[in-house]
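The values are calculated or read from the model by the stated rules, or taken from the named source; none is laboratory data. Just so you know, these numbers come straight off a predicted model, no measurement behind them. Note: ideal-geometry Cβ built from the backbone for every residue, glycine included; neighbour counts use all protein chains shown.
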Amino acid sequence: MNEEQLKIELEKRFGYSDFKPGQVQPILSILEGKNTLATLPTGTGKSLIYQLSGYLLEGIVIIISPLLSLMQDQVAQLKYMGEKRTAALNSMLTAEEKQFLLARVHKMKFLFLSPEMLQNNAVMARLKQSKIALFVVDEAHCISQWGLDFRSDYLSLGKSREALGNPLTLAVTATATPKVRQDILRSLNLSPEAVAVFEGAVNRDNIYYKTVAVQPEDKNAVLLDVIKAYPTPGIIYFSSKAQADAVTHLIKQKTDLRAESYHADRSNEDRITIQHQFLQDELDIICATSAFGMGINKPNIRFVLHYHMPNSIEEYVQEVGRAGRDGNPCIAILFYAATDASFKLRMLQNDFPSEALIEQTVSSKKMAVEYATPTEETLLTYILQNNLSSTEAKAFVENRLNLKKEMLFKMKDYAETNRCKREIIAHYFGKEFDEKPEFCCSSCGDEEPYMERFRPARDAFSKKVQDGWGKIVSDLFLL
DNA sequence: CGAGCATCTCTTAGGAGATGCTCGGTGCCCTAAT
């Protein structure tokens, strides 16, 4: 199959006349039977890659997805397009529903599962009987980001894949450093030579990167100035749920902006409502923890502000990348206080098991559960499962901690540097950096001229809020 | 790699100084017994 024929299929199945950049090559690669890793910016239609390929291959497409809400969205989207042979197999189903679904797996075309579900014997037994066209790992960076200290079942994907007879595999994610790509391939038991890798661009020309040094006690005041000056909608990221709530309250008190907080303590209903309102432009600002954002595709986000710095540059880039999907100017603002970095470093070290605990665990061959942090628990479980010796275990933990520290230090460097922010990001992702946009970052030049470009967007948005003209007005002004 | 607050200690009644505690975020999965 060549590109022209693919276009015909695209038109036929989805009604699109052409592909978005970066979609064709991974599809062709899959259809040639090659395991494929594709890193594409979000919003470029990653799901179309497995959907179209899936239709052109015989058998069922299994999609490993990190979040229940993402599965729901994807199933809804497929059903909306008229595809009935799709379902999500997860804990939202009753036991009976699960059995019913499992019994007719062979009639499915697209089946969504969490990595945890693959640990279920009944599920695996059923999948083994099915002809698997394609094994897809969506948001594959979760393997690297969560596998070792949060959701360890992400590390077992390779074993599950093997148990399923090493089906043709596609891993997709928005951002992956060389290290993350390596983690993904290793976890999936894919040797680098046997995988076709496609990388999209990391650089986002329409984002202006800005860092502001702010003492913790001044953050709120500076924040209020910032959100009054910049056009909305925007996201403010926090590393504390309580602070996200507190600042939401402050914004409501001190401004006319419509704000809500979003984090794991909010009920499912609230989270759905808030996300929906934000997508519909019924909220100006979301104050969120890292719980917010995966799978969100809102084109007109004008700023992403970090009240605390994240743990790594990849997290930062992922969160900041949610701004300006429409291609219009937007800004990423990072509040930085040296104490934020030291605090995060200390927490990181606290999370990891001590040498004594490692030795105790290895020699007793069982977990000392009472005092374990989630990270300790995950790491120690891994050590026990893989039967590491005390020396190996200590080296393993130290290595992992050092990696995390290093990521944090690089984030700190990014925050503190006077060098070009864009360049640092590019290099971090292993990219050459060639062309600087006119308005680059706070190290390269003043934002004031860039702000001029914001003004139409801001005026359009406030107009829209005032007289409820909706999209027409804002679209006109954004052109 | 700090900072703010609460409690403790000493020694004798109001307070100084020391010590301890606390400060973080991501999500799957239905295991049990009335």
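Listing for the model above:
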{"item": "Residue within the stretch A:242-250 that is surrounded by fewer than 18 Cβ atoms within 10 Å (Cβ to Cβ), over 23 Å from the mean Cα position of the chain (by Cα), of a type outside the set (Lys, Arg) and within 16 Å of DNA strand B (Cβ to nearest atom) present", "result": "yes"}
{"item": "A:GLU359 being of a type in the set (Asp, Glu), in contact (Cβ under 8 Å) with a residue 12 or more places away in the chain and either more than 16 Å from DNA strand B (Cβ to nearest atom) or in the same structural domain as A:ARG181 (by TED's automatic domain parsing) (or both)", "result": "yes"}
{"item": "The stretch A:110-157 - residue that is of a type in the set (Gly, Ala, Ser) and more than 8 Å from DNA strand B (Cβ to nearest atom) and, of those, nearest to the chain's Cα centre (by Cα)", "result": "A:ALA140"}
{"item": "From the options A:VAL212, A:VAL226, residue that is in the same structural domain as A:LEU250 (by TED's automatic domain parsing), away from DNA strand B (no atom under 16 Å from the Cβ) and part of a strand (DSSP E or B)", "result": "A:VAL212"}
{"item": "Subset tally (residues that are among the polar types (S, T, N, Q) and either surrounded by fewer than 16 Cβ atoms within 10 Å (Cβ to Cβ) or assigned to a strand (DSSP E or B) (or both)) for the stretch A:190-209", "result": "1"}
{"item": "Number of positions in the stretch A:94-119 that are outside any helix (DSSP H, G or I) and either within 18 Å of A:TYR50 (Cβ to Cβ) or hydrophobic (A, V, I, L, M, F, W, C) (or both)", "result": "8"}
{"item": "Residues of the stretch A:254-270 that turn out to be under 13 Å from A:ASP284 (Cβ atoms) and either acidic (Asp, Glu) or not assigned by TED's automatic domain parsing to the domain that holds A:GLN280 (or both), as a count", "result": "2"}
{"item": "Residue that is surrounded by the most Cβ atoms within 10 Å (Cβ to Cβ), among those in the stretch A:274-311 that are within 16 Å of DNA strand B (Cβ to nearest atom) and free of Cβ contacts under 8 Å to residues at least 24 places away in the same chain", "result": "A:GLN275"}
{"item": "Single unsatisfied condition, A:ALA176 versus (1) more than 16 Å from DNA strand B (Cβ to nearest atom); (2) within 19 Å of A:MET407 (Cα to Cα); (3) in a helix (DSSP H, G or I)", "result": "(3)"}
{"item": "Qualifying residue in the stretch A:323-336 (condition: of a type in the set (Asp, Glu) and either in contact with a Gly (Cβ under 6 Å, 6 or more places away or on another chain) or part of a loop (DSSP other than H, G, I, E, B) (or both))", "result": "yes"}
{"item": "Residue check for A:PRO299: outside the structural domain of A:ARG453 (by TED's automatic domain parsing), more than 15 Å from A:TYR209 (Cβ to Cβ) and not β-branched (Val, Ile, Thr)", "result": "no"}
{"item": "Options A:GLU319, A:GLU376; residue that is crowded, with 17+ Cβ neighbours inside 10 Å, assigned by TED's automatic domain parsing to the domain that holds A:GLU452 and assigned to a helix (DSSP H, G or I)", "result": "A:GLU319"}
{"item": "A:ARG266 vs. criteria outside any helix (DSSP H, G or I) and without any contact (Cβ under 8 Å) to a residue 12 or more places away in the chain", "result": "yes"}
{"item": "Test: residue in the stretch A:129-141 that is within 30 Å of A:ALA291 (Cα to Cα) and assigned to a helix (DSSP H, G or I)", "result": "yes"}
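Listed here are the residues, each with its yes/no results for (1) surrounded by fewer than 21 Cβ atoms within 10 Å (Cβ to Cβ); (2) under 15 Å from A:ILE63 (Cα atoms); (3) of a type in the set (A, V, I, L, M, F, W, C); (4) free of Cβ contacts under 8 Å to residues at least 40 places away in the same chain.
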position	(1), (2), (3), (4)
A:LEU127	no, yes, yes, no
A:HIS141	no, yes, no, no
A:LEU148	no, no, yes, no
A:LEU157	no, yes, yes, no
A:VAL172	no, yes, yes, no
A:ALA176	no, no, yes, no
